[in-house]
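A short write-up of the structure that comes next.
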Amino acid sequence: MNLLDGVASHEEGMMDVPSDKNLFEMNDVHKEFVRGKKVSHVLRGVNLSIKVGEIVALVGESGSGKSTVARTIMRLYTPDQGEMRFEGRDVTKIRGGALKSYRNKVQMVFQDPFSSLNPTHSVGTIMERSLPSGLKKLTKAKRDVLCGNALEKVGLSPPSNFLMQYPHELSGGQRQRVALARSLAASPKLVLADEPVSMLDVSLRLGVLNLMLALNEQYNIAYLYITHDLASARYVATKVVVMYAGEIIEEGSAEEIIEHAQHPYTQLLIQASPDPHRRGIGELDEAIFTGEPPDLSLDIQGCPFQFRCAHVMAKCRSDRPKRQEVSDGHFLNCHLYS
Ligand code: SF4
């Protein structure tokens, strides 16, 4: 079913893929940023796959490279090395019309709904501007119906109450719903949600997460849900991917990762997330909490987590751990399991 009730059509050049196949793939992607003489290796060989209609949580602390992954998928950045495929097609370096078409199918929702919505535009104008170019040629009345439909899908009803309003007149939760409605206007197949609830009041977060789940169920939209919060990752995602210092270090089904995390960093994240049934942070091994993520401009030999890991061995300081499958669909990079 089309999100805009049959009016928006899939762009030419993008094929429907079976639901068990990868909608999106990122293979061995590297990205560096140069500032003066300093080169930061922000993505170091990232592999990521998202199936049709799948919700994947990308989890890690600030500076791990999560947002750079999203911006690279969106092609706001071009990978320095590696390849990205969408619906089987290489999108690593596409430009012009092909890039525009791709960006209609892959939309992004940012962390701060206030700064991501133009404060000088009404909700109606914001929505109209997000329509694909083909739909912008419709009459004003039809465009209003489309924008209204998208607002209703995210629970802003009746839409006539919102189309004339400006972002500052809305609550934080309503602003993030407008941001979601805007992302839906092009009937996307993949939405990159970068910490979409972290700036909302706790009371509003569940509503936005439930809305994402409802849209996934109704329209089979896949999400890359970026967060530092494992509890919300478990709530929305079927797969959890853990990132540290520009690398994917553990990956598996949400249940497997939360219940049977093997990588010391993932275990740290789980122990640091609030859970009344678990012992408090104060009782945990102090050693694992010391240290900070490594400087990404350094040429790190061995495991990137070696500076904080309570289990570090000589091998960890010399050899980079390779990705291995420890149980069905559960992958990690750690010498403890070599
Ligand atoms: S490879 Fe070594 S340093 Fe890295 S997480 Fe495993 S045990 Fe710790």
Look at the range 185-216 and say how many of its residues are modelled with pLDDT of 90 or more and of a type in the set (S, T, N, Q). 2
All positions within the range 320-338 that are over 20 Å from VAL59 (Cα atoms) and within 12 Å of the ligand (Cβ to nearest atom): ARG320, HIS335, LEU336, TYR337, SER338
Here is a check on your reading of the model: is CYS303 closer than 22 Å to GLU251 by Cα, within 12 Å of the ligand (Cβ to nearest atom), modelled with pLDDT of 95 or more and touching a Gly at 6+ places or on another chain (Cβ under 8 Å)? no
Looking at GLN262 and the list (1) more than 16 Å from the ligand (Cβ to nearest atom); (2) open to solvent by 10 Å² or more (accessible area, probe 1.4 Å); (3) in contact with a strand residue (DSSP E or B) (Cβ under 9 Å, 6 or more places away or on another chain), which single condition is not satisfied? (1)
Which residue, of VAL197, VAL202, VAL154, VAL178, is open to solvent by less than 30 Å² (accessible area, probe 1.4 Å) and farther than 30 Å from LYS21 by Cβ? VAL178
So which residues in the range 95-144 are in a helix (DSSP H, G or I) and acidic (Asp, Glu), if there are any at all? GLU128, ASP144
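Here's a check for you: in the range 108-122, which residue that is of a type in the set (S, T, N, Q) and open to solvent by less than 30 Å² (accessible area, probe 1.4 Å) is farthest from MET199 (Cα to Cα)? Spell out the reasoning first.
Within the range 108-122, the subset of a type in the set (S, T, N, Q) is 111, 115-116, 118, 120, 122.
Filter again for open to solvent by less than 30 Å² (accessible area, probe 1.4 Å), leaving 116, 122.
Details: SER116: 12, SER122: 22 Å.
Among those that are of a type in the set (S, T, N, Q) and open to solvent by less than 30 Å² (accessible area, probe 1.4 Å), it is SER122.
This table checks each residue for (1) of a type in the set (Val, Ile, Thr); (2) under 30 Å from ASN22 (Cα atoms); (3) without any contact (Cβ under 8 Å) to a residue 60 or more places away in the chain.
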site	(1), (2), (3)
ILE94	yes, yes, yes
LEU99	no, yes, yes
LYS105	no, yes, no
SER116	no, yes, no
PRO119	no, no, yes
GLY124	no, no, yes
SER133	no, yes, yes
GLN165	no, no, yes
Yes or no: PHE331 open to solvent by 60 Å² or more (accessible area, probe 1.4 Å) and of a type in the set (Phe, Trp, Tyr)? no
Criterion violated by MET164 - all others in (1) crowded, with 17+ Cβ neighbours inside 10 Å; (2) farther than 27 Å from ILE270 by Cβ satisfied: (1)
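Here's the yes/no breakdown for (1) modelled with pLDDT of 90 or more; (2) under 22 Å from ARG323 (Cβ atoms); (3) among the hydrophobic types (A, V, I, L, M, F, W, C); (4) touching a Ser or Thr at 6+ places or on another chain (Cβ under 9 Å):
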residue	(1), (2), (3), (4)
ASN2	no, no, no, yes
VAL17	no, no, yes, no
GLU32	yes, yes, no, yes
ILE50	yes, yes, yes, no
VAL59	yes, yes, yes, yes
GLY63	no, yes, no, no
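The values are calculated or read from the model by the stated rules, or taken from the named source; none is laboratory data. Keep in mind it's a predicted model, so treat the numbers as computed, not measured. Here the Cβ is made from the backbone with ideal geometry for all residues, glycine too, and neighbour counts use every protein chain on show. Protein only, heavy atoms only, side chains kept; ligands, DNA and RNA dropped before computing areas. Shrake-Rupley method; radii C 1.70, N 1.55, O 1.52, S 1.80 Å.
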